[in-house]
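Below is one structure; the comments refer to it alone.
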Amino acid sequence: MVRDAIHRALVDAVRGLGVDGELPDLELGRAKVPAHGDYASSAGMKLARVLRRRPDEIAGELSSKIVAPDGAFTAEAAGGYVNFRLTDDWLRRLVADVHPGYGARDLGHGERLQVEFGSINPTGPLHIGHGRGVTLGDSIARLLVFTGHSVHREYYVNSDNTQTRRFGASVYARLHDMEPPEGGYLGDYVKEVAEMARRDLPGIDREPEEVAEPRLRRYAMEKVIEQIRASVARLGVRYDEWFWEDSIWQSGLGKQAIDRLRESGHLRERDGALWFGEPDDEGEEEQRVVIRANGQPTYFASDLGYLLSRFEQRTFNRVIEVWAADHHGYVPRMKAAAAALGLDPEKLVIIIHQLVNLKEGAPRSGQKVKMSKRAGRFVTLDELIDRVGSDAVRYFYLLRSPDTTIEFDLELAVTQGNENPVYYAQYAHARLANVESAARERHANLPASADVSLLTQPWELDVARQLAFWPDVVEDSTRLLEPHRIPYYVHDLATSVHRFYHAGNAQSEHRVVVDDVTLTRARLELCRAARHTLKTALDLMGVSAPERM
RNA sequence: GCCCCGCUAGCUCAGUGGAUAGAGCAUCUGUCUUCUAAACAGAGGGUCGGGGGUUCGAAUCCCUCGCGGGGCACCA
C-alpha cells in the first residue's frame, strides 16, 4: 500500500542523512489540510535533537533525497514537516487496479484465531445491549478474515450455572401458574416457554420438581438459543460453533484444568470450598472460588477448562473475546488463570465495550433506565430490527467506539431511521450501479478497456484519492481491532462519490455518461472502482450494498 | 475505598504527541425538465470538564480535582 511505500522512502532518506540505529517515530500520517498534501511527517522536528540541526533544514534535505517508486508521490518540505502528495498519474493507475475485494491483505498469514462474542446467558432473548457485542464481534471477525486470518466464530453457551437454574425454576413456576421464585425471571417470554414445554414435553407438568426442573431448564435454554440464532441471523451473523459449557465437564477438560492447577499449587481449600490463587498469595483478596462448598463448580471453573479446550485441544493461536463492560473486572482473573495453566496470557485478547443504557419516555427527555433481563425490562434486538432494519442497526452500533456508553432512545432511533447515515453510503453505491447500467443502455459498444488518463477533473481525482486511503483503514482497523473506523471511511468515500456525481448535475459535460464513449468509459472505470470499494467496506460492516434505492 | 470507561459545536459522536480541532443531526440560505435531490453548495455555532506538569509542540501523555457510567460474589 502507498502509505508503506512512503514510509520506506522516508526512512531511506533519513538513513541517507547518516542517522543510524533506532529511529524515532517519524509521525507519518494523513495530512489534515489539502494544502499539506495527502500524507505528512514531522520528521524534521523528530530528528532535530538527534542531528542537532534545525528542523526546517532537515526536512528540506529529506524532501530532496526522497525517491518515490513509480512516481507515486512527491515530497515537499514545509517548516519541519515533510509533506507527501499522491501524483495524479498514480491515482489514475490505482483506479484501473482496483478490483473486487480491493484492500484485502495478508496480515495474518493464516493465523488460527477464535473470535468469541455475544455469549449471553441463554435465559432470555437478546436485547439492544447485546446487539452491540454481536455486531462488534462479527465485524471484527469479518475484518480478520479479510486480512488473512483463519477465523472460528464461537458462541459460548453458559448452560450450567445459577442463572440458568433460576431460569429453569422460573419456567417450572410458570408451568404451574405460579410467580417465579426470588431472583427468578419475570419476563412474559418465560410464560411462553412454559406453554411450549407443556406441548412439547407431554406430562412434564405432572413430574415432581426435582425431575421436571432440569428437563425444563435444558428445554428452555435450547428454545432461547434457537431464538438467539434467529435474531443474530437477521443481522447477518452466523457462528461456526455453539459451544456448551457442560461439554467441558463431559470431556474431562474441567477436571484436567483443576488437576493441573492443584499440581502447580494454585488451589487451596478454605471453608469447604476450593479457591484459586497464586501459590505465594495468602491474602484473601485475590482468591476466587473454583468449586463451591456444595460441590458445584463455578463459572470460573468452566472457564479454566474452556481455556484448555481452545488453546490446547483446538490449538487456536489467539483467542479474541468480546465482553460488555460489566464483566471488566473479570479480565485480570482470566489472564491469571491462563498464566497459571501454563498458557500465554497475551494470546487471550479481551475486548471490552461499554454498555447500552435505555431511555424511556418521550424522545430527548427520557429517563435513563437500566435494562434487566431478569426484571423483564428491556427492548429486544428483534424489536429494534423490526423498527429500523438490519442495515441501520448495524451501522448505528458500529459507528461508535467501544469505549463510549450508548444512551439508547428507541423513539429517537425510529425517528432517525430514515436519516440514518447508512443510507448516505448505500445511496452512493446505488447511484454508481445505476449510472453504470445507464451507460450500457446508452452506449451499446463501450471500449473494453479504459483510458484512465482522461480522468482529469479534481472531483474525479478526489474519489481516486479516497480509494488510496482504504488499505490504511483496513490495516488500522485490524491492528487495533476497531471496526468503527470503517463507517467513518465509508462516509468520506461516499461524500467524494456524491460530489463527483453532482458535478454532472451542475454541468452536463461532467456527467459519467456523455457522447464521447472513450470518456464515458474512463469515468465508468472510476465508478466501478468506487463501487467495489464501497461494497467491500459495507460487507465488512455486515451492511448490504443495494443496486438501486 | 479500590479498579475500568467516558466528559470535544445545541444534540449524537470521530479525532496513531504535530500545522487552522472535524462529521452527522438540528438551525438558516441557495440548487431538480437532466446519469437517482435518500443528493450537492454555503453560513452560523468550540475556555476539547477544571487546574497543574512533561514536551520545540498536548483534545491526545502524566498528576490532581469534579461529573456521569460500569465493576469489586461460593451471580455471569
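The values are calculated or read from the model by the stated rules, or taken from the named source; none is laboratory data. Computed from a prediction, not measured in an experiment: that's the story for all the values here. Cβ sites come from the backbone with ideal geometry, for glycine too, and all protein chains shown count toward neighbours. We work out accessible area using only protein heavy atoms, side chains counted, and drop any ligands, DNA or RNA first. Shrake-Rupley method; radii C 1.70, N 1.55, O 1.52, S 1.80 Å.
Based on the Cα gyration tensor of chain A, what are the three equivalent ellipsoid semi-axes, each the root of five times an eigenvalue, rounded to whole Å and given largest first?
Taking √(5λ) for each Cα gyration eigenvalue gives 52, 33, 19 Å.
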Over chain A: helical MRE at 222 nm, DSSP H runs n ≥ 4 each giving -39500 (n - 2.57), nearest 500: -16000 deg cm²/dmol
Can you give me the distance in nm between label points at A:Asp259 and A:Asp177, each placed 7 Å from the Cα along the Cα-to-Cβ direction? 5.3
Short version: ³J(HN,Hα) in whole Hz for each residue of region A:346-352, in order, from phi by Karplus 6.51 cos²θ - 1.76 cosθ + 1.60 (θ = phi - 60°), x for Gly and Pro, what are they? 5, 7, 9, 9, 10, 9, 9
Return one whole number: the accessible area per residue of chain A in Å², for a 1.4 Å probe. 45
Applying a 10 Å radius around every beta-carbon, put A:212-223, A:188-199, A:118-129 in order of their mean neighbour count, most first. A:118-129, A:212-223, A:188-199
How long is the gain from A:Glu312 to A:Asp451 if the chain were fully straight, where each residue apart is worth 0.36 nm and the alpha carbon distance is subtracted? 44.5 nm
Nearest 10 degrees is fine. How inclined is helix A:331-340 to the longest principal axis of chain A, computing both from alpha carbons? 80
Please give the charge dipole size of chain A, origin at the Cα centre, charges +1 on K and R Cβ atoms and -1 on D and E Cβ atoms. Round to the nearest 20 debye. 860
Tell me the accessible surface of A:Asp97 in square angstrom (1.4 angstrom probe, heavy atoms of protein chains only), to the nearest ten. 110
Simple spin-label model, 7 Å along Cα-to-Cβ: A:Arg238 to A:Arg93 in nm? 4.0
Can you check what the Kirkwood hydrodynamic radius comes to for region A:421-541, Cα pairs only, in Å to one decimal? 14.8
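Considering only DSSP beta bridges whose two residues both sit in chain A, what percent are antiparallel, to the nearest 5?
Values: 24 of 47 bridges.
Looking only at bridges with both residues in chain A, the antiparallel portion is about 50 percent.
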Out of all DSSP beta bridges with both ends in region A:112-353, state the antiparallel percent to the nearest 5. 30
Please calculate the 1.4 Å probe accessible area of A:Lys535, with all protein chains present, and give it to the nearest 10 Å². 80
Sort A:448-456, A:155-163 by packing, meaning the average of other beta carbons within 10 Å per residue, with the highest value first. A:155-163, A:448-456
Expressed as a whole number of Å, what is the distance separating the alpha-carbon centroids of region A:378-431 and region A:191-209? 38
Rounded tilt (10° steps) of A:299-308 against the dominant C-alpha axis of chain A: 50
Carbon + sulfur, % of accessible area of chain A - ligands and nucleic acids excluded, 1.4 Å: 47
Nonlocal amide H pairs with A:Ala78, under 5 Å, H built at 1.01 Å: A:Asn83
Can you list the lysines whose alpha carbon is less than 26 Å from that of A:Lys373, not counting same-chain residues fewer than 8 positions off? A:Lys191, A:Lys223, A:Lys359
Ranked output for segments A:433-445, A:140-152 by mean other Cβ atoms within 10 Å, highest leading, reads A:140-152, A:433-445
Just the Kirkwood number for region A:112-353, please: inverse of mean 1/r across all distinct Cα pairs, in Å, one decimal. 19.3
Once the Cα atoms of helix A:209-234 and of chain A are each reduced to a long axis, what angle between those two axes, in degrees from 0 to 90 to the nearest 10, is obtained? 10
Can you return the aspartates and glutamates within cross-link range of A:Lys347? Criterion is Cα-Cα under 13 Å, with same-chain partners fewer than 8 residues away left out. A:Glu111, A:Glu312, A:Glu321
